[in-house]
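Notes follow the structure.
The values are calculated or read from the model by the stated rules, or taken from the named source; none is laboratory data. As the structure is a computational prediction, the values presented were derived from the model and not from experiment. Don't worry about glycine lacking a Cβ; one is built from the backbone with ideal geometry, like all the others, and counts go over all protein chains shown. The protein model used for the area step is the full one, side chains on, heavy atoms only, and it has no ligands, DNA or RNA in it. Shrake-Rupley method; radii C 1.70, N 1.55, O 1.52, S 1.80 Å.
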Amino acid sequence: MKIFANKDIKQFFLSIAVVMVIFLLISELSVYVLYKELSLPLLLLFLLMTGSVLVICFWYFNRQHGIMESAVTQIDSFLAGDTDARIDCDSEGELYRLFHSVNTLAAVLNAHAANENREKEFLKNTISDISHQLKTPLAALNIYNGLLQGEAEELPTIKEFATLSERELDRIEMLVQNLLKITKLDAGSIVIEKAVENVSDMMNDIELHFAYRAKQEQKEIVLSGSDSISLLCDRDWMIEAIDNIVKNALDHTHKGDSVHIEWRQFVSVVQITIKDNGSGIHPEDLHHIFKRFYRSRFSKDTRGIGLGLPLAKAIIEAHNGTIEVDSELGVGTTFVINFLIPTKL
């Protein structure tokens, strides 16, 4: 019986039984001392009384158990996402006061969740509006800058400033795009459309994306992994996440360095590793690199915005994955990404 799974209830029933038996023995002993014989009616009376007490106690505790089971069911429903789930607390008593407090807590949590959702939606809409408003002036500035570069072929100083201006415009455009992406991810307004994708194909696309830059900077991107490994993911978003990590690796490596991208499959995990032999991350910064807009006081990188790695982490976690980083100054940095393999892929 379920109620006897509770150690305290089991001890309670055992205590009642022991007290009744002791009381019966004392009563029978007293009758025997007085009348030199045992009393059968007294024995039957005690057995009847003991049985009645035990039955009443069992009924009470079984009823309480049913009430608690019903409460646990409602709490589990609330935790599973049913925000309207509540415990019946119309009766009086300490237990129902507890239930009322639990219901109040559920209402407060719902209110906080609703406020948070409204704030996220407001932030998403605001950033989206700002992004759209910035597109037109950015496009115009890019056109003006291009015209300026064309007219400044024989004016090296102006051409140099126009080139610098183009780089800064690209940074602003990247900032706006990343802000929009990460805000939409936070707000849950982006649907991750998962399909079974070949990991090797995705990594080849990433290598191709950075091939020109790597050649210009005399760096090497090395791929290593089986052609038969698959991953349940949104291809575009997954490439976006790995792209940001590889870009970060290229930003912190030097001429002649290399970036290794390796993928492996274990019993229940697909693992992707991005490893470089660049400058490494200072120990002080290691626990902060996934924070938005975080800039290290030790970093000499002037191109980074501080959104690439947070965006990568958000995308990976949206795929129920995990990302870890290990780094040593002057030796290099390793990012390890793990994705659980569904039972049916």
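Values for this structure:
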{"read-out": "Loop trypsin sites (Lys or Arg not before Pro), segment 32-113, which have at most 15 other Cβ atoms in a 10 Å radius of their Cβ (DSSP)", "value": "Lys36"}
{"read-out": "Cut-off 11 Å between beta-carbons: net charge of the residues surrounding His209, Lys and Arg +1, Asp and Glu -1", "value": "-2"}
{"read-out": "Two-decimal ratio, the chain, of alpha-carbon radius of gyration to 2.2 N^0.38 Å", "value": "1.72"}
{"read-out": "Accessible-area ranking of Phe122, Phe99, largest first, probe 1.4 Å", "value": "Phe122, Phe99"}
{"read-out": "Whole-percent carbon and sulfur share, accessible surface of segment 57-204, 1.4 Å", "value": "57 percent"}
{"read-out": "Accessible area per residue in Å² at 1.4 Å probe, computed on the chain", "value": "64 Å²"}
{"read-out": "Separation in nanometres of the label points that stand 7 Å from Cα toward Cβ, at Ser77 and Leu141", "value": "5.5 nm"}
{"read-out": "Among Glu119, Glu160, Glu324, residue whose mean-square fluctuation peaks in a GNM of the chain (springs only between Cα atoms under 10 Å)", "value": "Glu160"}
{"read-out": "Helix 199-216 axis, angle to the chain major axis (alpha carbon atoms, nearest 10°)", "value": "30 degrees"}
{"read-out": "Helix axis angle, 156-187 relative to the chain longest principal axis, alpha carbon, degrees", "value": "20 degrees"}
{"read-out": "Two-site label geometry, Leu208 and Asp129: point separation in nm, points 7 Å out along Cα→Cβ", "value": "4.1 nm"}
{"read-out": "Choice from Tyr144, Tyr96, Tyr60 with maximal GNM fluctuation in the chain (Cα, 10 Å cutoff)", "value": "Tyr60"}
{"read-out": "Using a Förster distance of 56 Å, the FRET efficiency for Ile16-Leu340 (Cβ separation, nearest 0.05)", "value": "0.65"}
{"read-out": "Distance between modelled label sites at Glu119 and Ala107, nm, 7 Å Cα→Cβ extension", "value": "2.2 nm"}
{"read-out": "Given Lys135/Lys291; Lys124/Lys159; Lys120/Lys159; Lys159/Lys215; Lys219/Lys313; Lys219/Lys291, the pairs whose alpha carbons are separated by over 31 Å", "value": "Lys124/Lys159; Lys120/Lys159"}
